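Novice: Could you have a look at this structure, given as structure tokens, before my questions?
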Amino acid sequence: MRAVRLLPVLAFVLAAVAVAEEPRFLVEAELHIDGVQRGTPSMLLTAGSPASLETGSDEDGYRLEVEIEPVDATTAPANSLWLHVAVFERAGGDWEELVDSILGVPEGDTATLSVVDGDAMATPETAAVYLRIRVTREPAADAQPAGPSP
């Protein structure tokens, strides 16, 4: 009977260890709307857990939503990620989606998402929406620094 009582406790401990070891990612972004920088949001999240940040006011606000998904393909560069990204603008008290996309990028590289009119060149100053986003893996808490030990 004693082993049966310990089974739920063991399952809880194993689940807690799995959650503790899941990598966290630092997302750093720069958002421009109609040529004006609207924010430089950053957030810390785990893969598969969407997060969002809002900037501005109730009348003139913007929201960035991000979800990270590791790329599971042998042909992709090492440590590649899918970034599910959406940008919203507050219009009349409601959120209106400006752009929604999936970007593929290796960890540490910068991805760019832009919306422009016609054949215009996409720059932060000319695009209706211009987003630069970079994702880096947060070092594990128990990671040791590289190099020789003192």
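The values are calculated or read from the model by the stated rules, or taken from the named source; none is laboratory data. In this text the structure is predicted, and so the values were computed from the model without any measurement. Positions of Cβ are generated from backbone atoms using ideal geometry, with glycine treated the same way; all protein chains shown enter the neighbour counts.
Novice: Pick from region 21-37 the residues that are part of a strand (DSSP E or B) and acidic (D, E): which of them is nearest to S114 (Cα to Cα)?
Specialist: So the residue we want is E30.
Novice: Check E59, E28, E54 and return the single one that is surrounded by fewer than 17 Cβ atoms within 10 Å (Cβ to Cβ) and within 16 Å of V129 (Cα to Cα). Let's see the steps before the verdict.
Specialist: Values: E59 fails: within 16 Å of V129 (Cα to Cα); E28 fails: within 16 Å of V129 (Cα to Cα).
After ruling out the rest, the residue left standing is E54.
Novice: Right, next: Please determine whether any residue of region 17-25 is exposed (fewer than 11 other Cβ atoms within 10 Å of the Cβ), at pLDDT 90 or above, among the hydrophobic types (A, V, I, L, M, F, W, C) and farther than 19 Å from T110 by Cα.
Specialist: No; the residues of region 17-25 include none that is exposed (fewer than 11 other Cβ atoms within 10 Å of the Cβ), at pLDDT 90 or above, among the hydrophobic types (A, V, I, L, M, F, W, C) and farther than 19 Å from T110 by Cα.
Novice: Now a separate question. Step by step: first the residues of region 62-71, then only those that are in contact with a Ser or Thr (Cβ under 7 Å, 6 or more places away or on another chain) and not hydrophobic (A, V, I, L, M, F, W, C), then the one that is surrounded by the fewest Cβ atoms within 10 Å (Cβ to Cβ). Which residue is that? Lay out the reasoning, then the answer.
Specialist: Residues of region 62-71 in contact with a Ser or Thr (Cβ under 7 Å, 6 or more places away or on another chain): 62-65, 71.
Among the residues that remain, those that are also not hydrophobic (A, V, I, L, M, F, W, C) are: 62-63, 65.
Details: Y62: 20, R63: 19, E65: 17.
If we take residues in region 62-71 being in contact with a Ser or Thr (Cβ under 7 Å, 6 or more places away or on another chain) and not hydrophobic (A, V, I, L, M, F, W, C), then E65 is surrounded by the fewest Cβ atoms within 10 Å (Cβ to Cβ).
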